[in-house]
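Comments concern the structure below.
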Amino acid sequence: MRALLAFAPVLMVLTSVACGASLVRLPSGPGFTAQDGAGALQQATGPCLAIRTLTAEVAVSGSADGHRVRARLTAGVSPPASARLEAVAPFGQPVFIFVATGTDATLLLPRDNRVLEHGRPDEVLDALTGVPLGAADLHDTLTGCASAPASGPLQARAFGDLWRVVAAGHDGELYLHRADANASWRLVAVIVRSSSGRPWRADYSAFQDNLPHAIRLTSVASPASGAFDLQLSLSQVEVNVPLAADAFRVKIPAGAGPITLEELRRSGPLASKTDAR
């Protein structure tokens, strides 16, 4: 497996990059009960639900936790909830190696020879980057995908001919849109509430072969100290390339000392605050 998440020398390079265009205005209100909600969701997510693995190069810009962000990455994910992220500096050891399967994550900081084992993926990534995505969230976000609620009847609202809003778990919502009444439905935005209770939003655009190549991640109603607004541009996308199980494991070197989530928040790459205005 190729090196994953190749960053600049530090995880988040502080710059004056702007976030780009305004977010799409999503429909709100009660709408009307959508009888075609299940069919619209199936049409919108059928192609991405067939993805077994995805790797991609990712350009990131925006802001997170008071920092301007600009980075070049690669990422790799496998369903239902496996991810490996590796921050590679131009020279020397990686900045970090993050692997997660399900609700179990390991973070290795090779340069400090420190490790965090058996953490929750969303808590570890939140402490490291300011964005509370779990392993399943990473998979769904990069593939532009989501599935219907696991239990109970599907609840969908209609807003004219062009929008359907499907209720998801944990107070989340899936926003489906089509260009006209004869076009296919696409998943263009989701609102998710993480296990920490911090809601966030993903918007998808620039579709190629039914996959979004532009993804915007924003915090929703978060305090300024934890807000983020990141634009991800995907290239070199490869799907269904076999990834060995070892891709989602990390070899911990002898003598590696532990690091806690609180230490990671204080001493990680985002610990030094810079005004992002």
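The values are calculated or read from the model by the stated rules, or taken from the named source; none is laboratory data. None of these values were measured; they are calculated from a predicted model. Every residue, glycine among them, receives a Cβ derived from its backbone with ideal geometry; neighbour counts consider all protein chains shown. Note: accessible area is taken over every heavy atom of the protein model, side chains too, but ligands, DNA and RNA are not part of it. Shrake-Rupley method; radii C 1.70, N 1.55, O 1.52, S 1.80 Å.
Just checking, which of 81, 89, 71, 64 is hydrophobic (A, V, I, L, M, F, W, C), out of contact with any Lys or Arg (no Cβ under 8 Å at 6 or more places or on another chain) and without any contact (Cβ under 8 Å) to a residue 60 or more places away in the chain?
Of the residues listed, the single one that is hydrophobic (A, V, I, L, M, F, W, C), out of contact with any Lys or Arg (no Cβ under 8 Å at 6 or more places or on another chain) and without any contact (Cβ under 8 Å) to a residue 60 or more places away in the chain is 81.
Conditions tested, residue by residue: (1) among the aromatic types (Phe, Trp, Tyr); (2) under 16 Å from the mean Cα position of the chain (by Cα); (3) in a strand (DSSP E or B).
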| site | (1), (2), (3) |
| --- | --- |
| 61 | no, yes, yes |
| 69 | no, yes, yes |
| 74 | no, yes, yes |
| 90 | no, no, no |
| 94 | no, no, no |
| 106 | no, no, yes |
| 116 | no, no, yes |
| 123 | no, yes, no |
| 140 | no, yes, no |
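Inclusion of residue 26 among residues that are assigned to a loop (DSSP other than H, G, I, E, B), at pLDDT 80 or above and touching a strand residue (DSSP E or B) at 6+ places or on another chain (Cβ under 7 Å) is warranted. All of (1) more than 27 Å from residue 174 (Cβ to Cβ); (2) touching a strand residue (DSSP E or B) at 6+ places or on another chain (Cβ under 8 Å); (3) surrounded by fewer than 20 Cβ atoms within 10 Å (Cβ to Cβ); (4) of a type outside the set (A, V, I, L, M, F, W, C) hold for residue 53 with one exception: (1).
Considering only the stretch 81-91, I want to know if a residue exists there that is closer than 19 Å to residue 241 by Cβ, at pLDDT 90 or above and of a type in the set (Ser, Thr, Tyr). Looking through the stretch 81-91, at least one residue is closer than 19 Å to residue 241 by Cβ, at pLDDT 90 or above and of a type in the set (Ser, Thr, Tyr). Considering the conditions (1) surrounded by fewer than 24 Cβ atoms within 10 Å (Cβ to Cβ); (2) among the small types (Gly, Ala, Ser); (3) farther than 29 Å from residue 266 by Cβ, residue 136 is excluded by exactly one of them, (3). Can you find a residue that is outside any loop (DSSP other than H, G, I, E, B), under 26 Å from residue 78 (Cβ atoms) and in contact with a helix residue (DSSP H, G or I) (Cβ under 7 Å, 6 or more places away or on another chain) anywhere in the stretch 144-161? No.
I'd like the full set of residues that are free of Cβ contacts under 8 Å to residues at least 40 places away in the same chain, open to solvent by 60 Å² or more (accessible area, probe 1.4 Å) and part of a strand (DSSP E or B), limited to the stretch 176-192. Hits for the stretch 176-192: nothing passes.
Search the stretch 223-232 for residues being open to solvent by 30 Å² or more (accessible area, probe 1.4 Å) and of a type in the set (Gly, Ala, Ser), and hand back the single one that is modelled with the lowest pLDDT. Spell out how you get there, then give the answer.
Applying the first criterion (open to solvent by 30 Å² or more (accessible area, probe 1.4 Å)) to the stretch 223-232 yields 223-225, 227, 229, 231.
Subsequent filtering for residues that are of a type in the set (Gly, Ala, Ser) retains 224-225, 227.
On the way: 224: 58, 225: 64, 227: 87.
Across the stretch 223-232, the extreme among qualifying residues is 224.
Tally time: how many residues in the stretch 170-200 are at pLDDT 85 or above and either over 19 Å from residue 156 (Cβ atoms) or not basic (Lys, Arg) (or both)? Qualifying residue count for the region: 21. Quick one: is residue 216 modelled with pLDDT of 95 or more, over 19 Å from residue 73 (Cβ atoms), surrounded by 19 or more Cβ atoms within 10 Å (Cβ to Cβ) and charged (D, E, K, R)? Here the answer is no, as residue 216 does not meet what is asked.
Out of the residues in the stretch 193-213 meeting the condition of being of a type in the set (Lys, Arg) and in a strand (DSSP E or B), tell me which one is surrounded by the fewest Cβ atoms within 10 Å (Cβ to Cβ). First the steps, then the outcome.
Of the stretch 193-213, the ones of a type in the set (Lys, Arg) are 193, 198, 201.
With in a strand (DSSP E or B) added as a condition, the list becomes 193, 201.
Values: 193: 17, 201: 19.
My answer is 193.
From the list 106, 129, 101, the one residue that fits, being of a type in the set (Ser, Thr, Tyr) and crowded, with 23+ Cβ neighbours inside 10 Å, is 129.
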